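The values are calculated or read from the model by the stated rules, or taken from the named source; none is laboratory data. Everything numeric here is computed off the predicted structure, so don't read it as measured data. With ideal geometry, Cβ positions are generated from the backbone for all residues, glycine too; neighbour counts draw on all protein chains shown. To get the accessible areas, we keep the full protein, side chains included, count just its heavy atoms, and leave off ligands, DNA and RNA. Shrake-Rupley method; radii C 1.70, N 1.55, O 1.52, S 1.80 Å.
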Amino acid sequence: MLQIESRTFAKERGLFACVQCGKCTGGCPMAMKTKLNPRAIIYRVLIAGNGFNLEGRDELWDCTTCSTCYSRCPKQVNPMEAIVAMRSAIVEKGKIHPNVKTALESTFRNGNPLKLPREDRGLWAKDLQVKAFAETGAEYLFYVGCTPSYDPHGQKVARALVSLLQSAGVDFGILGNDENCCSSEVRRLGEVGLFEAMVEENAEMFKELNVQKMFTVSPHCFNVFKNDYHTIEAGATFGAQVQHYTQMLADLLKDGRLKFNGSFAKKVTYHDPCYLGKHNGIFDEPREVLTGIPGVELIEMDRSREKSLCCEGGGGRMWVEGTNPGTRLAQLRVKEALETGAEVLATACPFCLLTLDEAVKHLNAEEKIRVLDVAEIAAQAL
Amino acid sequence: MTNSPRVGVYICHCGINIAATVDVAAVTEYAARLPNVVLARNYSYMCSDPGQVLIQNDIRELDLNRVVVASCSPRMHEPTFRATIAEVGLNPYCLDMANIREQCSWVHPQGVSTTEKAMQLVASAVAKASRLEPLQTRKVPVTPAVLVIGGGVAGMQAALDLGDAGFDVTIVEHAAQLGGHVAQIYKTFPTLEPTGLMVHELIERVNAHPRIRLMSESEVTDVSGYVGNFNVRVKQNEVTTTIPAGAIIVATGFETFNPHLKPELGYGKYPQVMTTLEFESVIARRSPEGATTKQSPVQGEIASLANERLARNDIKSVVFIQCIGSRDQTIGNPYCSRVCCMVTAKQARLVREQFPDANVTVFYMDVRAFGKGFEEFYDQAREDGVIYRRGNPSEINKRGDRVVVKAEDTLLGEQVEVEADLVVLAVGMRPRSDSEAVAQLLKLSRSADGFFMEAHPKLRPVETSMAGVFLAGCCQSPKDIVDSISQARAAASAAMIPLMRGEVQVDAATSFIDEELCAGCGQCAAVCSFSALTLHPVRGKMTVNSVLCQGCGSCATACPSKAIKVHQSVFEQVMAQMDVISNWRVAPPRPLYRHLFRTGKEARTYWALNTDGDPIAAVRNFLSKVWDRAGLQGMLAPVHRSEHEAGLELITEPARLSRIDPFVPLTAQNAAQMALQLDSAHPYSNYGLALRPCEARALDEVKQRGGFNADFRLTIGVDCMGSFSAEDFEWRVEKAGTVQDLTDQELLHARQGGIAPDRLRLACQMCTSSSAKDTDLQISLIGLPVKETILVSTTDPEIAGRLHLSEITDGLAEPSLVEQHEQMLVTMHERRERALERILHDLAVDLPAEAGAWMSHLANCAPCRKCLEACPIYQADWLPASGYGATAEETMKRWLADCVGCGMCDQACPKHLPLSAIIHRISREVKKSPLLEQV
């Protein structure tokens, strides 16, 4: 039996405020295709007396933690966090999907969930003359993240970003092989213990290196540093100012430090990553960067900004298939992008990049549309 | 009415509101023991008739002159209880309320600390009540006219009622036309009547009314004055006029929620999405009846799309969404707007009626059909074919030339999509964006939701916290037309109350100025929101217009000279309250010492204390045993600070007792005065006080005035043969060697009753009672062989038992020693009487014999008041017991008559006037004076 103390659970997570309006489920991208129903789960917890059984609730692993539910809730209930907490209860009992287990173990051993060696983490930057933060210090720490460190497309984004920042004269450094996973996905998968350990380790390191300002490639890293680290005891020492790189670029553009000599003459549509948009309200900065690039014609999809459709890559879903792998949200999203007539589908998140890329291939649309990161597009116009 | 405060305390149970949480019996028992309290009672409902009669009877029978009611917030019942006590002749301002409900029982769990907080609140109220002064209220005539702000249905209806009642009314409307939001509505619910006709009729009546003046396209820019006599500045076409009004009705209405704040709904992005108000005018245009409906400013694209569709009858699906901007905490509108459910039902029915083929879907969370005929109307909507689906849509997306509403049908538990040609958002009501400005103008409060706040949510729904300003319509909370009209008529009749009375009573709890301190700097006027303070052109001092003053106290805090006080909250009253609370400790169950300051005629038992050649050491030893047996927490006594210095000290460490010297011949400080300070700081600590006879007498006087609580003080009287002033003492210590040597020298003369009096302080020379017989414990040395034996005595067997005097002394004293002691006291008394007569005789050469002249001489001495500050009794007199109903002269006489002759005034006088002698002389005269009979 996988019981949770439902009354305490509901109280601690503010679920009693739920008015059962269904806005969460109405907007939930997963409710379209799986059994996941955030409202109904809350309702079941509320009526469960004092014990709610999580056994067999596989749909809990469908949640992409896109936060649509929370952003729509009129009563400030957070179904997403409730789902993550239910995952924690399952993980605590050791009932973890084998893929998840591997990812978590790899995060613990290698500092990344990708099962790739720690000593290869800094390879992408070998020939780039990037400062080693630990040795020379710098104004900014460039926290690269796991996917941009190891994934080929991700590496391109990281390199593009380096060239942009170097041309704008930003003083930054990286941690190289000493960089450790931010643990955002660990938290979303419900592995609280590992998350706390990783937070403590990272916070300690940042403190030792006197990191005052930092930026990330991934909105997921950005979000966990900005919103989660300081809320737990293990991260109490973490106090650096965190930015997403699109915020940096937008500021550099405004200040005139970043200049484009070339152009990028294409129709571009922009997909808002959940962890940048819905989680953190960053809608305008990526668009400011895109429209600042000579030649870019920005076209909006109908579902943009607050309504952006999740690509299904968050919440640990890079490692868990979910209960309906047949229909992919990323494919829906690419279709929406195709409808606009855009030649490029831009985004600003390594996970979105991977899922959308794959969807383009799946739809045989490589001829019609390319998936590129905002940094890649900008770097091409330097 | 007597001089000293006689307080009655009434603790209300408020049913179980207070009594279930606070131990009212314990609070009552506690209150009964507070200073100045004559009796304390508790009762189920003090505000009920029997409760009030209880208070009135006590006032009559027990001659109470102050009343404390411990119950609810004074907002509600202060007027009630003021009237109660006024009916039996007490000044209504002699009341104070302790709010033990809102500030205590409602906000704390049941328990000891909650009861203790109630005790604190009561003690604080008693402290204030003891210092309250009677105040006189005033009446002022009223301007028989009303100003109504806002010309919607509420404003118009209120104006019509007031006009019909014969009062002049001015309506100030910011728009060009009357009618407000209702004029934009096509048909009403639940009757489906054309709204236009109804509004039209109201407007016509207003325009035709001889007593109503309409000022359209105008705004209120300033409001001054007070209930009965407001002056309202109204700006119209750049011209500002002042309109006098006895009352003001605020009917400023509402704004609809801005749906742009919910971007997921696509309002402003998709022309298919519109608000209920926009849809109302779109649908009104299709009907001849609707022609009278004022068109709301519908966005061009929405209007053209909707009109085109409607014209083509191309309406297949209409979706209504409820609760847009209502019941939503994320945008700060947690409340229900109350009308949207019915507006939607009405519009849904209109769509079904006009487009029988269209599907009409209403997404709802809960349908609130609470009004008369509402549920039936909702029933009819469903019977007309309107489909109600439970769920609040999450987003609206585009699909071709239609939109698709995405929601969860929560009854199915499924995500659903409904395509629509039109989506109508039932936008809720918001406070107008200028609410804060209006609130500032009129000094209104706003509730958490931003709407104007009524004076009481149940009992005073149309009044505001500002007397004479009333609320009508949606500016107070969301309402439908019926409720707005009802409230408007209620506001009109409430406004008529002061108008028809013709005069209003003005609260007397206003600020007042001490002109001696006022420098006329005007800082008070700068902070006064009521323009109540002006500079007197001749005197150069500020003056308070007590009719304008609302008693808020801002001026008092702004005044750099502390020249402004507010009646009912004067500095001394507030400080007394704060003292009580900051010094409050858990009250012990019963007093430790009850037998103080009695007549001195009770049987006295003497014990002997062998001194073995060192009386000081013997007394130190004895006092440390007393400390242990009595469980003292401290002792106020003279100590040797060093070999050459002595002074009073509160000893809290028993080790310090080895420096004690109760016989040291120094009076630089007064133990009575210090004891009073201890009293307020540590009222329930078990302290011993070593007192000279004059100090003991002073405490007795203060105790009689209610300024000293002896319940937790062990008083130890010590015989005194007279003492020296500080300078004299210093010189003599130097001569003798150490303080110890000087004390020993003086003690050598104990057997003879001390040294020749003319070497002592003036007051000591005249002192005729060298032994303090009214204390708990007495240490005697006069007439005794102090190198061998001194005496310890008490009249209180309980003290003797508790201290185990028979064990800590050397047994009962021999009668011969006692006789020797008492005989010497008589001798000393005679000796000092002669000295006194001589001194007074010498004085009479310089000063006139008639007491009144002496007093005036004293009053003119020099206004430094140092003597008064030094006097232990005067302090008690002018603080806790400053004559209620007594003139300053009477207080002065009472003070002079009770002089205990401690001589502190002599030492304090910078002109070295022989004050103690003068006062003694006056005191004699005053005691003969008939005026004193009143005291």
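If I filter region A:85-106 for residues that are open to solvent by 50 Å² or more (accessible area, probe 1.4 Å), under 23 Å from residue A:147 (Cβ atoms), of a type in the set (A, V, I, L, M, F, W, C) and in the same structural domain as residue A:192 (by TED's automatic domain parsing), do I get at least one hit?
no
Might you let me know whether region B:777-800 holds any residue that is among the acidic types (Asp, Glu) and modelled with pLDDT under 85?
Looking only at region B:777-800, we keep the residues that are among the acidic types (Asp, Glu), and these are B:788, B:796, B:798.
Within this subset, residues satisfying the condition of being modelled with pLDDT under 85 are B:796, B:798.
So far as region B:777-800 goes, yes, one or more of its residues are among the acidic types (Asp, Glu) and modelled with pLDDT under 85.
Across region B:315-335, which residue is surrounded by the most Cβ atoms within 10 Å (Cβ to Cβ) among those that are more than 10 Å from chain A (Cβ to nearest Cβ) and touching an Asp or Glu at 6+ places or on another chain (Cβ under 9 Å)?
Checking each candidate, the answer is B:319.
In the list A:314, A:281, A:341, which residue meets the criterion of being within 23 Å of residue B:264 (Cβ to Cβ), in contact (Cβ under 8 Å) with a residue 40 or more places away in the chain and among the small types (Gly, Ala, Ser)? Let's see the steps before the verdict.
Details: A:281 fails: in contact (Cβ under 8 Å) with a residue 40 or more places away in the chain; A:341 fails: within 23 Å of residue B:264 (Cβ to Cβ).
Exactly one residue qualifies, and that residue is A:314.
Please specify each residue of region A:338-382 satisfying the condition of being acidic (Asp, Glu) and open to solvent by less than 10 Å² (accessible area, probe 1.4 Å).
Of region A:338-382, the ones acidic (Asp, Glu) are A:339, A:343, A:357-358, A:366-367, A:373, A:376.
Selection gives A:373 alone.
Search region B:487-517 for residues being more than 22 Å from the chain's Cα centre (by Cα) and of a type in the set (S, T, N, Q), and hand back the single one that is surrounded by the most Cβ atoms within 10 Å (Cβ to Cβ).
B:487
Of all residues being open to solvent by 40 Å² or more (accessible area, probe 1.4 Å) and assigned to a loop (DSSP other than H, G, I, E, B) in region A:280-320, which is nearest to the other protein chains (Cβ to nearest Cβ)? Just the residue, please.
Step one: filter region A:280-320 for residues open to solvent by 40 Å² or more (accessible area, probe 1.4 Å), giving A:281, A:284-285, A:288, A:291, A:294-295, A:297-298, A:300, A:302, A:305-306, A:318-319.
Restricting the remaining residues to those that are assigned to a loop (DSSP other than H, G, I, E, B) gives A:281, A:294-295, A:300, A:302, A:318-319.
Working: A:281: 11, A:294: 28, A:295: 27, A:300: 10, A:302: 4, A:318: 24, A:319: 26 Å.
Among those residues, the one meeting the criterion is A:302.
Which ones in region A:71-80 are of a type in the set (S, T, N, Q) and at the interface with chain B (Cβ under 10 Å from one of its Cβ atoms)? Walk me through it before giving the result.
Quick first cut of region A:71-80, residues of a type in the set (S, T, N, Q) only: A:71, A:76, A:78.
Of everything in region A:71-80, those that are of a type in the set (S, T, N, Q) and at the interface with chain B (Cβ under 10 Å from one of its Cβ atoms) turn out to be A:71, A:76.
Kindly state which strands (runs of 3 or more DSSP E) lie completely within region B:326-442 and contain at least 1 residues that are polar (S, T, N, Q), over 24 Å from residue B:477 (Cβ atoms) and touching a residue at least 60 places away in the same chain (Cβ under 8 Å).
Working: elements: B:359-364, B:387-390, B:395-399, B:402-409, B:414-420, B:422-427, B:429-431.
Answer list for region B:326-442: B:395-399.
Could you identify the single residue in B:395, B:414 that is in contact with a helix residue (DSSP H, G or I) (Cβ under 8 Å, 6 or more places away or on another chain) and within 14 Å of another protein chain (Cβ to nearest Cβ)?
Numbers: B:414 fails: in contact with a helix residue (DSSP H, G or I) (Cβ under 8 Å, 6 or more places away or on another chain).
B:395 is the lone residue from the list that is in contact with a helix residue (DSSP H, G or I) (Cβ under 8 Å, 6 or more places away or on another chain) and within 14 Å of another protein chain (Cβ to nearest Cβ).
Could you tell me whether region A:228-243 includes any residue that is out of contact with any helix residue (DSSP H, G or I) (no Cβ under 7 Å at 6 or more places or on another chain), modelled with pLDDT of 95 or more, outside any loop (DSSP other than H, G, I, E, B) and among the hydrophobic types (A, V, I, L, M, F, W, C)?
no
Could you say whether any residue in region A:136-155 is modelled with pLDDT under 95, farther than 24 Å from residue A:286 by Cβ and assigned to a helix (DSSP H, G or I)?
Within region A:136-155, one or more residues are modelled with pLDDT under 95, farther than 24 Å from residue A:286 by Cβ and assigned to a helix (DSSP H, G or I).
Of all residues being within 40 Å of the chain's Cα centre (by Cα) and of a type in the set (A, V, I, L, M, F, W, C) in region B:158-188, which is surrounded by the fewest Cβ atoms within 10 Å (Cβ to Cβ)? Just the residue, please.
In this case the residue turns out to be B:165.
Considering only residues that are among the basic types (Lys, Arg) and open to solvent by 10 Å² or more (accessible area, probe 1.4 Å), which ones fall in region A:171-193? Walk me through it before giving the result.
Of region A:171-193, the ones among the basic types (Lys, Arg) are A:187-188.
Within region A:171-193, just A:187 meets the criteria.
Say whether the condition of being away from chain A (no Cβ under 14 Å) and surrounded by fewer than 21 Cβ atoms within 10 Å (Cβ to Cβ) is met by at least one residue in region B:360-370.
Among the residues of region B:360-370, at least one is away from chain A (no Cβ under 14 Å) and surrounded by fewer than 21 Cβ atoms within 10 Å (Cβ to Cβ), which makes the answer yes.
How about region B:421-436: which of its residues are at pLDDT 95 or above and either touching a Leu at 6+ places or on another chain (Cβ under 6 Å) or of a type in the set (A, V, I, L, M) (or both)?
B:423, B:424, B:425, B:426, B:427, B:429
Can you say whether residue B:867 is at pLDDT 60 or above and touching a His at 6+ places or on another chain (Cβ under 8 Å), as far as the supplied structure shows? Please lay out each step first, then the result.
On the way: at pLDDT 60 or above: yes; touching a His at 6+ places or on another chain (Cβ under 8 Å): no.
No: the conditions fail for residue B:867.
So that you can scan it fast, the table gives a plain yes or no per residue for (1) open to solvent by 20 Å² or more (accessible area, probe 1.4 Å); (2) more than 43 Å from the chain's Cα centre (by Cα):
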{"residue": "B:646", "(1), (2)": "no, yes"}
{"residue": "B:650", "(1), (2)": "yes, no"}
{"residue": "B:658", "(1), (2)": "yes, yes"}
{"residue": "B:668", "(1), (2)": "yes, no"}
{"residue": "B:671", "(1), (2)": "no, no"}
{"residue": "B:677", "(1), (2)": "yes, no"}
{"residue": "B:696", "(1), (2)": "no, no"}
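Of everything in region B:385-406, what is open to solvent by less than 50 Å² (accessible area, probe 1.4 Å), of a type in the set (D, E, K, R) and under 20 Å from residue B:315 (Cα atoms)? Give them in sequence order. Write out each step before concluding.
Within region B:385-406, the first condition is being open to solvent by less than 50 Å² (accessible area, probe 1.4 Å), and the residues that meet it are B:385-386, B:388, B:390-397, B:403-406.
Now narrow it down to the ones that are of a type in the set (D, E, K, R): B:390, B:395, B:406.
If the condition is that a residue be open to solvent by less than 50 Å² (accessible area, probe 1.4 Å), of a type in the set (D, E, K, R) and under 20 Å from residue B:315 (Cα atoms), then B:406 is the only one that fits.
Determine which member of the set B:437, B:420, B:407 is within 14 Å of another protein chain (Cβ to nearest Cβ) and on the phi < 0 side of the Ramachandran plot. Give the derivation first.
Details: B:437 fails: within 14 Å of another protein chain (Cβ to nearest Cβ); B:420 fails: within 14 Å of another protein chain (Cβ to nearest Cβ).
The match here is B:407.
Could you list, in sequence order, the residues of region B:923-935 that are modelled with pLDDT under 75 and crowded, with 17+ Cβ neighbours inside 10 Å?
Once the filter is applied, which keeps residues that are modelled with pLDDT under 75 and crowded, with 17+ Cβ neighbours inside 10 Å, region B:923-935 yields B:925, B:926, B:935.
If the requirement is being out of contact with any His (no Cβ under 6 Å at 6 or more places or on another chain) and within 14 Å of chain B (Cβ to nearest Cβ), which of these qualifies: A:332, A:252, A:258? Steps first, answer last, please.
Values: A:252 fails: within 14 Å of chain B (Cβ to nearest Cβ); A:258 fails: within 14 Å of chain B (Cβ to nearest Cβ).
Residue meeting the stated conditions: A:332.
Determine whether residue A:326 is modelled with pLDDT under 95 and within 18 Å of the chain's Cα centre (by Cα).
Values: modelled with pLDDT under 95: yes; within 18 Å of the chain's Cα centre (by Cα): no.
When the stated conditions are applied, residue A:326 does not pass them.
For region B:105-146, name all the residues that are among the hydrophobic types (A, V, I, L, M, F, W, C), more than 14 Å from the chain's Cα centre (by Cα) and in a helix (DSSP H, G or I). Can you show your working first?
Filtering region B:105-146 for residues among the hydrophobic types (A, V, I, L, M, F, W, C) gives B:106-107, B:112, B:118-119, B:121-123, B:125-127, B:129, B:132, B:135, B:140, B:142, B:145-146.
Remaining after also requiring more than 14 Å from the chain's Cα centre (by Cα): B:106-107, B:112, B:118-119, B:135, B:140, B:142, B:145-146.
B:112, B:118, B:119, listed by residue number.
Does region B:454-473 contain at least one residue that is at pLDDT below 95, surrounded by fewer than 19 Cβ atoms within 10 Å (Cβ to Cβ), assigned to a strand (DSSP E or B) and away from chain A (no Cβ under 14 Å)?
Yes, that holds for at least one residue.
Kindly state which helices (runs of 4 or more DSSP H) lie completely within region A:1-70 and contain at least 2 residues that are within 13 Å of chain B (Cβ to nearest Cβ) and touching a strand residue (DSSP E or B) at 6+ places or on another chain (Cβ under 7 Å). Give the derivation first.
Working: elements: A:6-12, A:23-27, A:38-47.
Because the criterion is at least 2 residues that are within 13 Å of chain B (Cβ to nearest Cβ) and touching a strand residue (DSSP E or B) at 6+ places or on another chain (Cβ under 7 Å), the helices (runs of 4 or more DSSP H) in region A:1-70 that meet it are A:23-27, A:38-47.
Given the criteria open to solvent by less than 20 Å² (accessible area, probe 1.4 Å) and either assigned to a loop (DSSP other than H, G, I, E, B) or at pLDDT 90 or above (or both), does residue B:618 qualify?
yes
Could you list, in sequence order, all residues of region B:125-143 that are open to solvent by 10 Å² or more (accessible area, probe 1.4 Å) and in contact with a strand residue (DSSP E or B) (Cβ under 7 Å, 6 or more places away or on another chain)?
Residues satisfying the conditions are B:128, B:137, B:138, B:139, B:140, B:141, B:142, B:143.
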